[in-house]
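Structure, as structure tokens:
The values are calculated or read from the model by the stated rules, or taken from the named source; none is laboratory data. Just so we're clear, the structure is a prediction, and the values are computed from it rather than from any experiment. With ideal geometry, Cβ positions are generated from the backbone for all residues, glycine too; neighbour counts draw on all protein chains shown. When the accessible area is computed, the model is the full protein with side chains, heavy atoms only, and any ligands, DNA or RNA have been set aside. Shrake-Rupley method; radii C 1.70, N 1.55, O 1.52, S 1.80 Å.
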Amino acid sequence: LCSAKSQAMASQREDQKPLTTINHEDYMIDAGGELFPLSSLKPWDIPLAMCCPCCLGNPCSSVRREWAFRQLRTFLGMITFIQGIVFLAELGNCRLGQVFHIPNYVLVEFGAKDTTLIRQGQVFRLVMPMLLHAGLSHLLIVAIAQLCYGLQLERQWGWKRTMAIYITSAITGSLTSVLVAPDSISGGAAAAVFGLIGGNVAHIACGWHLMTRPERRVTLITVAIYFVIMTLFSLSFEIDLAAHVGGLIGGFAIGMGFFAHLLKNEHARSYLPTWSLVMVVAFIVAALGHIFNP
């Protein structure tokens with residue numbers, strides 16, 4: 001959510017943050033790159049703009065076509081593309097009827113979280129699960145969340161902050177899963193997506209006083225929509241819930257450090273980034289210590 005002027009500036013400078021008080025007409029940029037005046041949107045148009053942007057306006061407009069091609073140059077666009085390629089590789093080791101349920105032995109072969117193998121030194125299995133998915137529906141839900149919701153955040157935060165929150169959340173999610181559900185075999189980027197949600201909550205909490213009323217409304221609705229979607233997804237399939245919770249908390253913790261500069265309190269602005277980093281690193285070190293020295 002930003003003005004047309006601030007969006008033009010954001011496209012020129014990746015680190016430009018549109019979370020500022022806007023004194024002229026507010027616009028919402030939907031998940032497909034189109035600009036809509038908030039005054040023209042009905043309440044039910046906001047979920048459509050965030051979840052099914054082509055349902056508003058011309059689905060094949062020049063703006064949407066240009067936007068679609070530009071996504072491959074974003075971090076989340078590239079990571080989604082890589083996840084799709086890895087999923088095709090997974091299918092190469094499965095029967096056709098297993099497209100919606102990849103067997104565990106295939107996931108393990110490609111680097112899924114396996115506590116026994118992690119304790120044997122294969123620590124890459126704490127990161128690799130974010131590239132794997134256990135079925136086509138699993139991949140599609142995560143991809144939609146990343147491309148329709150995550151890209152909105154990457155445009156505001158820049159690719160460096162987005163990548164840091166995404167990967168950190170994936171790691172804290174995997175570690176939480178190893179500690180809470182050590183016997184499960186799991187893979188998927190949902191923990192990282194929950195981390196983006198956690199980071200967004202931190203962004204909102206730190207910058208609430210800078211946001212206009214329309215910004216607050218659109219932002220809260222968007223976060224609520226994707227939190228509900230991802231939570232229902234977590235409860236509807238054989239999903240590693242511990243990893244999702246760990247990703248959510250990890251994203252919030254690192255996000256509080258990244259967005260502390262938006263706080264009113266000068267003392268909090270100075271110490272929160274350090275404490276945020278210390279807490280995340282302390283959790284990772286403590287979790288690894290427990291894993292390798294149970």
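A few notes on this one:
- FRET efficiency estimate (nearest 0.05) - Cβ-Cβ, Arg95 to Arg70, R0 30 angstrom: 0.20
- If R0 is 35 Å, the Cβ-Cβ spacing of Trp275 and Phe81 corresponds to a FRET efficiency of close to 0.50.
- Region 208-294: trypsin sites (Lys or Arg not before Pro) in DSSP coil with no more than 16 other Cβ atoms inside 10 Å: Lys264
- Here the extension length gained between Val123 and Ile221 equals 31.5 nm, from 0.36 nm per residue of separation less the Cα-Cα distance.
- Protein accessible area in region 199-294, 1.4 Å probe - carbon and sulfur %: 71 percent
- Accessible surface of Ser62 - all protein chains present, 1.4 Å probe, nearest 10 Å²: 70 Å²
- Average projection area in nm² (convex hull over Cα atoms of region 209-265, one quarter of hull surface): 4.7 nm²
- Per-residue extension of 0.36 nm, minus the Cα-Cα distance of Glu266 and Lys160, leaves a gain of 35.7 nm for this segment.
- Accessible-area ranking of Ile79, Ile167, largest first, probe 1.4 Å: Ile167, Ile79
- Counting all C-alpha pairs of region 88-230, share separated by more than 20 Å (%): 52 percent
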